[in-house]
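The block underneath contains the structure these notes are about, expressed in structure tokens.
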Amino acid sequence: MSARAPGRARRRRPRRALYLRRRILAVAAIAAVVAIASLALGGGPSRAPARIARHRPAQTPAVHPSATHRALARQRSPGSLPQTHAYPSATSAQFHSLMAALWTGIVRGSLAPAAAAFFPEGAYLQLKAIAGAGSDWSARLLHDYSLDIGAAHALLGSAAARARLVTVAVDSSYGHWIPPGVCDNRLGYYEMPNARMVYSEGGQIRSFGIASMISWRGVWYVVHLGAILRASDAGAVDAPAIGPGIQAYSATC
């Protein structure tokens, strides 16, 4: 008997190992069933991951007229409201805020900060009686605006970060009403030609023009910054000058 005992012990070990494995698998299966039942009774998984996701820092979108800044323009919402015949003020807090946003974009050479000062897409869709008004807004107007911001930034040069906006000169007597039916427009609006951004750089007063602003609901928005018409796909600066420059009248659309 004593000679057979070691053989029996050896035969029992695999059985015990198999038994332990089966118990582990059974316990794991029970745990899985309990977890699934808990989720079903509790109405879903824990909300902790969702809270973490909400606190993740937002990614900075790429500066691209046809994507990011169409979204920025839609978020401003005035374009979703109907036009009015109210004449815009060039002294209101809102106007100063929009011009400060434009100036920030020029100083940084970035379209993003200046998007608020640009004529809203929703307003343009209401205004224009043309096919593809949305594409015209993004591929032509906003694209040109972006190019002109880059050109104005280049004008400021290496001292751009130290340049300071002094005022935006607007001769209110130059504002004129464009009636419906003119220049492919479905609605009327006021147009303000050749306002001027007056700034200080290196202790000297300088300026350049805003080629055209038009009204929506009693607010001036930039529609052409450097030029209304251009010969090439390049940015332009409107009449840069030493000193405040001269705001001239023109009967543009």
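Table for the structure above
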quantity	calculated
Count - residues of the stretch 232-253 that are in contact with a helix residue (DSSP H, G or I) (Cβ under 7 Å, 6 or more places away or on another chain) and outside any loop (DSSP other than H, G, I, E, B)	1
Residue within the stretch 215-230 that is without any contact (Cβ under 8 Å) to a residue 40 or more places away in the chain and of a type outside the set (Phe, Trp, Tyr) present	yes
Sole residue being touching a Phe, Trp or Tyr at 6+ places or on another chain (Cβ under 9 Å) and under 23 Å from Ser77 (Cβ atoms), chosen from Gly218, Gly175, Gly226	Gly218
Test: Gly109 is modelled with pLDDT of 95 or more, on the phi > 0 side of the Ramachandran plot and within 16 Å of the chain's Cα centre (by Cα)	yes
Subset of the stretch 176-212 (residues that are within 27 Å of Thr104 (Cα to Cα), aliphatic (A, V, I, L, M) and buried (at least 16 other Cβ atoms within 10 Å of the Cβ))	Met192, Ala195, Met197, Val198, Ile210, Ala211
Residues within the stretch 102-120 that are touching a helix residue (DSSP H, G or I) at 6+ places or on another chain (Cβ under 6 Å) and either among the basic types (Lys, Arg) or outside the structural domain of His143 (by TED's automatic domain parsing) (or both), tallied	0
Number of positions in the stretch 117-129 that are surrounded by fewer than 23 Cβ atoms within 10 Å (Cβ to Cβ) and in contact with a strand residue (DSSP E or B) (Cβ under 9 Å, 6 or more places away or on another chain)	2
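Here is a yes/no grid of residues against (1) buried (at least 21 other Cβ atoms within 10 Å of the Cβ); (2) within 22 Å of Pro113 (Cα to Cα); (3) modelled with pLDDT of 95 or more; (4) not hydrophobic (A, V, I, L, M, F, W, C):
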residue: Trp137; (1), (2), (3), (4): yes, yes, yes, no
residue: Leu141; (1), (2), (3), (4): no, yes, yes, no
residue: Leu155; (1), (2), (3), (4): no, yes, yes, no
residue: Arg164; (1), (2), (3), (4): no, yes, yes, yes
residue: Tyr174; (1), (2), (3), (4): no, no, yes, yes
residue: Ile214; (1), (2), (3), (4): yes, yes, yes, no
residue: Val222; (1), (2), (3), (4): yes, yes, yes, no
residue: Ala231; (1), (2), (3), (4): no, no, no, no
residue: Asp238; (1), (2), (3), (4): yes, yes, yes, yes
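The values are calculated or read from the model by the stated rules, or taken from the named source; none is laboratory data. This one's a predicted model, so the numbers in the text were calculated from it and none came from an experiment. Backbone-built Cβ (ideal geometry, glycine too); neighbour counts: all protein chains shown.
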